[in-house]
Amino acid sequence: MSNVSINDFTLAVITTNRNASFTGGCPVFYASDDDDMQEKAMLMAKCVDGVVHQIGKETLIVVKH
């Protein structure tokens with residue numbers, strides 16, 4: 001039996017920019033402001049044992065390394 005795990009994947013995009021367009025099938029979560037964006041990203045990262053990276057002023061991603 002082989003071990004199956006998630007490695008090096010973007011698991012979520014969190015943004016305050018409702019006009020942003022993302023491709024790739026990753027779930028996108030919209031935040032009302034920067035504080036809401038930070039809180040959502042940290043909670044999601046904790047749930048999946050991931051890491052938060054800022055990829056723009058209005059956008060964070062949760063990644064599993």
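What is the local net charge at LYS46, summed over the other residues whose Cβ is closer than 13 Å to its Cβ (Lys, Arg +1; Asp, Glu -1)?
Numbers: positive: LYS40, LYS64; negative: GLU39, ASP49.
Charge balance near LYS46 sits at 0.
Any chance you could run the full-extension gain for ILE55 through ASP8? It's 0.36 nm times the residue separation minus the Cα-Cα distance, nm to one decimal. Working shown, then result.
Values: separation 47, 0.36 × 47 = 16.92 nm, distance 1.59 nm.
Stretched fully, the ILE55-ASP8 segment lengthens by 15.3 nm.
Per-residue ellipticity at 222 nm for the chain, helices alone: DSSP H runs ≥ 4 residues times -39500 (n - 2.57), over residue total, nearest 500 deg cm²/dmol?
On the way: 1 runs with 15 residues, N = 65.
So the calculated ellipticity at 222 nm is -7500 deg cm²/dmol.
How much area per residue is accessible in the chain when the probe is 1.4 Å and only protein heavy atoms are counted (Å²)?
Working: 4690 Å² over 65 residues.
Roughly 72 Å² per residue, with all protein chains present.
Net charge near LEU11, counting Lys/Arg +1 and Asp/Glu -1 over other residues with Cβ under 13 Å of its Cβ? Provide the component values of the computation, followed by the final result.
Details: positive: LYS40, LYS46, LYS64; negative: ASP8, ASP49.
Here the count lands on +1.
Extending each Cα 7 Å along its Cβ direction at VAL63 and SER32, get the distance between those two points in nm, one decimal.
So the label points at VAL63 and SER32 sit 3.0 nm apart.
The values are calculated or read from the model by the stated rules, or taken from the named source; none is laboratory data. Model, not experiment: these values are computed from the prediction. Methodologically, a virtual Cβ is constructed for each residue, glycine included, from the backbone with ideal geometry; neighbour enumeration extends over all protein chains shown. Note: accessible area is taken over every heavy atom of the protein model, side chains too, but ligands, DNA and RNA are not part of it. Shrake-Rupley method; radii C 1.70, N 1.55, O 1.52, S 1.80 Å.
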